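Heads up: the structure comes next, in structure tokens.
The values are calculated or read from the model by the stated rules, or taken from the named source; none is laboratory data. Since the model is a prediction, treat every value here as computed from it, not as a measurement. Positions of Cβ are generated from backbone atoms using ideal geometry, with glycine treated the same way; all protein chains shown enter the neighbour counts.
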Amino acid sequence: MFDLIVIGAGPGGYEAAAHAGNLGKSVAVVEKAELGGTCLNVGCIPAKTFLRSSRLFREYREAAVFGIIVGAPSFDMPALVARKDNVVGTLKRGVSALLRDTSVEVLHGTGRLVGRNAVEVDGERHEAANILIASGSRPAVPPIPGIDGERVLDSTSAFELTAVPERIAIIGGGYIGLEFASFFHEIGTEVTVYEALPRIATGCDGDIADELLKILRRGGIEIHLSCLVLGIEADTLHYQDVTGAQHSDSATYILNATGRTPVVTDLGLEEAGVDVSARGIRVDAQGRTNMPNIWACGDVTGRHMLAHVAVREGIVAVNSMFGRPDRMRYDAIPAVIYSHPEVAMVGKTEEELKAAAVDYRKAVVPMALAGRFLVEHVKATGLVKVLAGATYGEILGVHAIGDLSSEFIVAAGAMIEAEMTLAQASEVIFPHPTVAEALHAAILKAQ
Ligand code: NAI
């Protein structure tokens with residue numbers, strides 16, 4: 001009998017398993033595909049590898065501004081896919097080593113709950129005192145006729161393209177849609193985004209989302225808002241614009257980036273009595289389901305579909321199941337959209353503060369205030385916005401647009417976690433010259 005069986009070896013599952021192993025528990029993790037889950041194999045890491053190449057490709061074209069004269073570059077898609085596979089392979093070996101070093105047994109196969117204390121893996125029964133479901137999510141398939149067509153890619157198949165497409169139509173202007181839009185645009189593909197809502201990057205602070213829209217459009221990405229995709233026929237996408245007028249566009253590929261859905265089927269959840277719906281497994285602040293000894297973390301809970309949230313939720317669940325007090329806090333979760341430019345955020349948006357009738361003050365500064373930002377980029381614009389309580393100046397939210405903002409948003413997250421005021425944060429010494437100094441400037445301005 002194991003102390004813990006984890007179903008799913010994505011970031012939530014493998015980090016939780018390793019943590020329990022480190023605590024001296026006997027642990028097994030069940031995985032039917034590859035160690036590392038979506039993030040490592042077909043999500044964050046492949047996406048960032050692709051975006052690294054597209055950024056280099058752009059910078060190569062801008063090289064003359066930096067005083068470097070180069071010939072006309074071309075893009076080698078198979079070489080990029082090979083590099084991505086290489087990076088993924090290295091990281092996967094790292095996960096394998098982590099599980100070995102923490103004495104976690106890997107059970108390859110499909111895991112299914114059979115009661116509250118047992119998991120069947122391809123017909124073989126294994127018992128455990130605790131079971132953690134970390135089965136993740138998969139691309140959502142919206143009810144659009146023709147969405148299963150041959151020309152339709154999702155965020156998994158898009159990583160296997162062998163040539164640069166001439167035109168791509170992207171359904172959905174969220175994280176995945178915008179990251180792929182930036183990638184394809186930078187490698188020379190004509191990109192159009194079709195978003196159902198009146199804004200891209202829903203969930204972002206409105207000022208930042210508006211700025212991102214402006215920059216992407218100015219750069220040459222076509223973006224249709226409040227737009228209803230009616231159907232897909234071969235390479236043609238039919239849609240209705242905000243006025244109700246209907247149009248058709250054709251593209252080499254159509255990318256479905258309309259969200260992800262928790263993987264809750266074929267796990268034996270209902271049979272085990274777990275409270276679950278298509279929106280995910282319901283859990284409390286420690287990751288407990290309604291059934292004793294059964295826990296869940298990450299995308300399968302349908303809350304924040306972010307790898308770093310899954311990791312923390314998994315650790316909290318493991319600590320809680322083994323009597324170590326812990327709880328999940330959602331007030332300071334940083335999120336990044338790795339579009340060009342990047343968007344990085346943590347804490348409350350201005351819209352959330354208004355909706356909650358919180359009195360706040362704000363400051364917005366251009367990133368170009370930081371000398372390093374100008375040194376690093378060509379013709380770049382960016383903003384940092386700080387939101388703080390009106391009376392005490394406690395930092396409530398930080399929202400940034402501009403490349404490298406992903407590298408300093410953690411500092412803002414730490415400030416919110418530590419409940420720092422603007423006055424306290426202003427005393428933090430920022431290294432010079434860094435892009436992060438724009439955050440310092442915004443903190444000083446908001447004071
Ligand atoms: P998303 O929820 O961020 O965006 C999906 C977008 O598609 C929404 O704006 C929605 O309004 C739109 N949409 C839905 N149905 C539509 C339709 N029929 N026609 C037009 N638009 C439609 O989901 P996304 O981008 O697919 O990402 C899935 C999850 O993966 C997210 O929850 C995100 O947290 C995570 N992710 C995180 C990344 C990061 O941290 N950098 C990168 C990629 C994904």
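Out of curiosity, is Ile176 surrounded by fewer than 24 Cβ atoms within 10 Å (Cβ to Cβ), more than 12 Å from the ligand (Cβ to nearest atom) and within 20 Å of Gly43 (Cβ to Cβ)?
In short, no.
Given the conditions (1) over 30 Å from Leu353 (Cβ atoms); (2) within 11 Å of the ligand (Cβ to nearest atom), and given that Cys227 satisfies all but one, which numbered condition is not satisfied?
Going through the list (1) over 30 Å from Leu353 (Cβ atoms); (2) within 11 Å of the ligand (Cβ to nearest atom), Cys227 breaks only (1).
Report yes if some residue within segment 91-101 is in a strand (DSSP E or B), farther than 27 Å from Val375 by Cβ, touching a residue at least 12 places away in the same chain (Cβ under 8 Å) and more than 16 Å from the ligand (Cβ to nearest atom); otherwise report no.
Within segment 91-101 (the criterion being in a strand (DSSP E or B), farther than 27 Å from Val375 by Cβ, touching a residue at least 12 places away in the same chain (Cβ under 8 Å) and more than 16 Å from the ligand (Cβ to nearest atom)), the answer is no, since none of the residues qualifies.
Within segment 192-207, restricting attention to residues that are over 28 Å from Thr236 (Cα atoms) and within 17 Å of the chain's Cα centre (by Cα), which residue is nearest to the ligand (Cβ to nearest atom)?
Gly203
Check every one of the strands (runs of 3 or more DSSP E) wholly within segment 238-294 and list those with 3 or more residues that are touching a residue at least 12 places away in the same chain (Cβ under 8 Å) and within 13 Å of the ligand (Cβ to nearest atom).
Those strands (runs of 3 or more DSSP E) span 253-256, 260-262.
With respect to Leu213, determine if the residue is modelled with pLDDT of 95 or more, within 11 Å of the ligand (Cβ to nearest atom), not polar (S, T, N, Q) and not assigned by TED's automatic domain parsing to the domain that holds Ala355.
Judged against the criteria, Leu213 is not a match.
Only one of these is surrounded by 20 or more Cβ atoms within 10 Å (Cβ to Cβ) and modelled with pLDDT of 95 or more: Ile333, Ile409. Name it.
Selected residue: Ile409, the only one of Ile333, Ile409 that is surrounded by 20 or more Cβ atoms within 10 Å (Cβ to Cβ) and modelled with pLDDT of 95 or more.
Check whether at least one residue in segment 12-29 is in a strand (DSSP E or B) and buried (at least 24 other Cβ atoms within 10 Å of the Cβ), and report yes or no.
yes
Of all residues in segment 295-329, which are small (Gly, Ala, Ser) and either crowded, with 17+ Cβ neighbours inside 10 Å or touching a residue at least 40 places away in the same chain (Cβ under 8 Å) (or both)?
Once the filter is applied, which keeps residues that are small (Gly, Ala, Ser) and either crowded, with 17+ Cβ neighbours inside 10 Å or touching a residue at least 40 places away in the same chain (Cβ under 8 Å) (or both), segment 295-329 yields Ala296, Gly298, Gly302, Ala307, Ala310, Gly314, Ala317, Ser320.
Inside segment 204-229, can you point out the residues that are in a loop (DSSP other than H, G, I, E, B) and free of Cβ contacts under 8 Å to residues at least 40 places away in the same chain?
Answer for segment 204-229, where residues must be in a loop (DSSP other than H, G, I, E, B) and free of Cβ contacts under 8 Å to residues at least 40 places away in the same chain: Gly220, Ser226, Cys227.
Of the residues Asp76, Asp85, which single one is of a type in the set (Asp, Glu) and under 25 Å from the mean Cα position of the chain (by Cα)?
Testing whether each residue is of a type in the set (Asp, Glu) and under 25 Å from the mean Cα position of the chain (by Cα) leaves just Asp85.
Restricting attention to segment 157-173, which residues are in a loop (DSSP other than H, G, I, E, B), within 12 Å of the ligand (Cβ to nearest atom) and closer than 22 Å to Ile45 by Cβ?
Gly172
Show the residue pairs meeting these rules: Cβ distance below 8 Å; 6+ apart or different chains; first residue within segment 137-150 and under 23 Å from Thr38 (Cα atoms) and in contact (Cβ under 8 Å) with a residue 24 or more places away in the chain; second residue within 7 Å of the ligand (Cβ to nearest atom) and outside any loop (DSSP other than H, G, I, E, B).
Cβ pairs passing all conditions: Ser137/Arg260; Arg138/Arg260; Pro139/Arg260; Ala140/Arg260; Pro142/Ile171; Pro142/Val229.
Would you be able to tell me the number of residues in segment 135-156 that are in contact with a Leu (Cβ under 9 Å, 6 or more places away or on another chain) and more than 11 Å from the ligand (Cβ to nearest atom)?
Within segment 135-156, residues that are in contact with a Leu (Cβ under 9 Å, 6 or more places away or on another chain) and more than 11 Å from the ligand (Cβ to nearest atom) number 5.
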